[in-house]
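See below for the structure under consideration.
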Ligand SMILES: [Zn+2]
């Protein structure tokens with residue numbers, strides 16, 4: 001897909017700008033627009049929205065802010081928060097910054113674990129951006145929906 005100049009500028013910034021160290025695009029060679037579009041199609045096939053995913057992640061992260069755990073949540077999940085000092089600036093140049101702290105959640109029955117940074121919640125909820133393949137903080141919508149038991153709204 002052809003992408004607009006704004007999207008191209010953000011992509012260049014992610015690949016070679018001061019934010020490149022965060023590897024938002026991982027080893028992905030697709031354009032930023034294609035990465036976002038592909039995940040939106042995947043979400044549609046799951047019947048979910050960016051908000052369904054980001055709100056569920058926010059739910060766990062919020063519960064750990066007072067007590068980082070590890071602790072059991074809803075009798076089904078083991079959740080913990082790893083505090084990291086400092087903040088990361090949103091690569092979409094909207095002056096949003098998020099802490100580097102990480103939330104890790106294991107679905108006890110499935111024995112599967114997923115993790116995310118506070119910035120992931122913003123990137124998904126606001127920009128529909130799940131990061132590229134091979135990115136250290138790539139959020140695969142299907143995998144996260146399974147592990148966090150994010151269900152289609154009835
Ligand atoms: Zn942003």
Residues located in the stretch 78-98, provided they are in contact with a helix residue (DSSP H, G or I) (Cβ under 9 Å, 6 or more places away or on another chain) and surrounded by 15 or more Cβ atoms within 10 Å (Cβ to Cβ):
79, 81, 88, 89, 90, 91, 92, 96, 98
Looking at the structure I just gave you, is residue 108 over 23 Å from residue 42 (Cα atoms) and surrounded by fewer than 21 Cβ atoms within 10 Å (Cβ to Cβ)?
yes
Could you check, for the stretch 113-122, whether at least one of its residues is in contact (Cβ under 8 Å) with a residue 24 or more places away in the chain, surrounded by fewer than 18 Cβ atoms within 10 Å (Cβ to Cβ) and more than 9 Å from the ligand (Cβ to nearest atom)?
yes
I'd like the residue in the stretch 134-144 that is in a loop (DSSP other than H, G, I, E, B) and at negative phi and, out of all such residues, is surrounded by the fewest Cβ atoms within 10 Å (Cβ to Cβ).
136
Pick from 72, 139: which is under 16 Å from residue 36 (Cα atoms) and either in contact with a strand residue (DSSP E or B) (Cβ under 9 Å, 6 or more places away or on another chain) or away from the ligand (no atom under 16 Å from the Cβ) (or both)?
139
Going through the stretch 60-77 one residue at a time, which ones are assigned to a helix (DSSP H, G or I) and surrounded by fewer than 17 Cβ atoms within 10 Å (Cβ to Cβ)?
62
Which number in (1) at pLDDT below 95; (2) out of contact with any helix residue (DSSP H, G or I) (no Cβ under 9 Å at 6 or more places or on another chain); (3) in a helix (DSSP H, G or I) marks the one condition that residue 37 misses?
(1)
Only one residue in 149, 131, 109, 80 is part of a strand (DSSP E or B) and either more than 12 Å from the chain's Cα centre (by Cα) or within 15 Å of the ligand (Cβ to nearest atom) (or both). Which one?
80
Report, by residue number, each residue of the stretch 83-106 that is within 16 Å of the ligand (Cβ to nearest atom), part of a loop (DSSP other than H, G, I, E, B) and touching a strand residue (DSSP E or B) at 6+ places or on another chain (Cβ under 9 Å).
90, 95, 96, 100
Go through 52, 39 for me and flag whichever is within 16 Å of the chain's Cα centre (by Cα), surrounded by 15 or more Cβ atoms within 10 Å (Cβ to Cβ) and over 18 Å from residue 137 (Cα atoms).
52
Conditions: (1) more than 19 Å from residue 152 (Cβ to Cβ); (2) touching a helix residue (DSSP H, G or I) at 6+ places or on another chain (Cβ under 8 Å). Residue 49 meets all but one. Number of the miss?
(1)
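The values are calculated or read from the model by the stated rules, or taken from the named source; none is laboratory data. As the structure is a prediction and not an experimental result, all values here were calculated from the model. Because the Cβ atoms are built from the backbone with ideal geometry, glycine has one as well, and the counts that use them run over all protein chains shown.
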